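Let me begin by presenting the structure, written as structure tokens, before commenting on it.
The values are calculated or read from the model by the stated rules, or taken from the named source; none is laboratory data. From a predicted model like this one, the values you see are computed outputs, not experimental measurements. All Cβ positions, glycine included, derive from the backbone under ideal geometry; neighbour counts span all protein chains shown.
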Amino acid sequence: MRRLISSVLALSVVIATPAFGDDDDVHIPTLTVTGNAVVTAAPDQARVRLAVITEDANATDAARDNARLTTAVIRALVNAGADADDIETAGFSVEPQYDYNRQRDGKPPVIIGYRVSNEVLVTTLDLGKAGDLIGAGIEAGANRVNSLQFTLRDNTAQRAEAIALAAAAARADAVALAEASGVSLAGVYRIDLVPSFVQPVRRDFGRSAVAMESAAPPINPGDIEVRAQVNIVYEIEG
């Protein structure tokens, strides 16, 4: 696991900041610092989104063809090593297709057919199978790869470490700024934790699966980034 602590984004000394309480005449001088940290870790699961898209002049026929191909894709994913419980439908739609050429004559567009899309999401803990799952899905009838995402099943430890590093960075800058300004830190006035987030590794294909040079593309997962930001307000003296 590699760690990276970014520099403080904002440093400010706020004099005569109102203190909480009923006495509006009481003011507390404060110093505000912000610390940021990034913790990187290797992902432990992959999520592949494959889509089956069919078109036909009749909506029923388009849906029937789509169901047949989607069933074949799911079967192929299981045969390629995916757990059946880790395969789910992520999206389904039936959309009319229009002929807009009539609009040039001032006439409304007409429906010329229907497009049915069924997106299948498969999750695997074996990252090495991601490429094989994509290849198996394409060979079975999936004609679009919507995305491939590498994530962490549980980022609790990484998030806690990122928060601790961000808080340490903020305090280090507060100490340095206080010394440079000739004041001393009297205590913590307020701490705010900005909602942290995990930056998964994402591979967006954004194209038809039939246009891919290889059915099972080589995959390099990369690292996950877990970020944290902490804002600390210190009371100062002197």
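Filter the stretch 116-140 down to the residues that are part of a strand (DSSP E or B) and not polar (S, T, N, Q) and list them by number. Result: 116, 119, 120, 121, 122. Within the stretch 107-115, the presence of a residue that is assigned by TED's automatic domain parsing to the domain that holds residue 171, surrounded by 14 or more Cβ atoms within 10 Å (Cβ to Cβ) and assigned to a strand (DSSP E or B) is excluded.
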